[in-house]
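The values are calculated or read from the model by the stated rules, or taken from the named source; none is laboratory data. Because the structure is a prediction, the values reported are computed rather than measured. Note: ideal-geometry Cβ built from the backbone for every residue, glycine included; neighbour counts use all protein chains shown. To get the accessible areas, we keep the full protein, side chains included, count just its heavy atoms, and leave off ligands, DNA and RNA. Shrake-Rupley method; radii C 1.70, N 1.55, O 1.52, S 1.80 Å.
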Amino acid sequence: MSPKAYDPVTKILHWLVFLAVATQYAVGEFMPHIGRNTPETGLVAIHVGMGGFVLLLIVAAIAWRLTHPVPQLPELPGWQRITASLTHWTLYLMILVMVLLGWAAANFRDWPLTVFGVTLPPLANKGDSWANTAGDVHTFLVNVLLGLVILHVGAAIYHHFMLRDKVLRRILPGP
């Protein structure tokens, strides 16, 4: 493996987080609006349950990133290296915050968050007003996260097709 390449665990976590968040976005777009009496069934149950999986993935990705720093490409200008690092960390933190807000919002309705059969302790009590607000913030941040993802993907495409450098290739599956 080249010292400039991402390690296999980083690649796997990157693409698993992408797939899980993309699935969450799709389910969130098609599930019914969560109102006062919305039951935790169907797409709503899938969205809440999938949130636990996203939590597990993003915590693993953050822990891995902290212990296995991403190799920088020295040929990139300093501002691009800084912007890439800031964007990656903002994406990680945004996903983590969104999961935590969704977890609190689920607890507001007395819906548990379960990860592989393990029910996590609630972040909020049923009916806590702050947890209801957390749900509104969670919904708003979907658009912020989508904008960041578009920026991230756009930069990767720009590097690959316009600059023809190794930025995109080093995160793609394979050697």
If a residue has to be within 19 Å of Met98 (Cα to Cα) and not hydroxyl-bearing (Ser, Thr, Tyr) to count, how many in region 1-31 make the cut?
-> 17
Which numbered condition Val144 fails, given (1) open to solvent by less than 40 Å² (accessible area, probe 1.4 Å); (2) under 16 Å from the mean Cα position of the chain (by Cα) | (1)
Quick one: in region 150-175, of everything that is β-branched (Val, Ile, Thr) and open to solvent by 50 Å² or more (accessible area, probe 1.4 Å), which residue is farthest from Leu100 (Cα to Cα)?
-> Ile157
Considering region 21-51, residues that are part of a loop (DSSP other than H, G, I, E, B) and hydroxyl-bearing (Ser, Thr, Tyr), and then whichever is nearest to the chain's Cα centre (by Cα), we arrive at Thr41
Enumerate the pairs (first residue in region 14-26 and more than 16 Å from Val115 (Cβ to Cβ) and open to solvent by 40 Å² or more (accessible area, probe 1.4 Å); second residue anywhere and among the aliphatic types (A, V, I, L, M) and assigned to a helix (DSSP H, G or I)) with beta-carbon separation below 6 Å, excluding pairs fewer than 6 apart on the same chain, so at least 6 apart or on different chains.
-> none
Has region 108-126 got any residue that is in a loop (DSSP other than H, G, I, E, B), surrounded by 15 or more Cβ atoms within 10 Å (Cβ to Cβ), touching a His at 6+ places or on another chain (Cβ under 7 Å) and not charged (D, E, K, R)?
-> no
Residue match in region 3-20 (condition: out of contact with any Lys or Arg (no Cβ under 8 Å at 6 or more places or on another chain), under 18 Å from Phe53 (Cβ atoms) and part of a loop (DSSP other than H, G, I, E, B)) = no
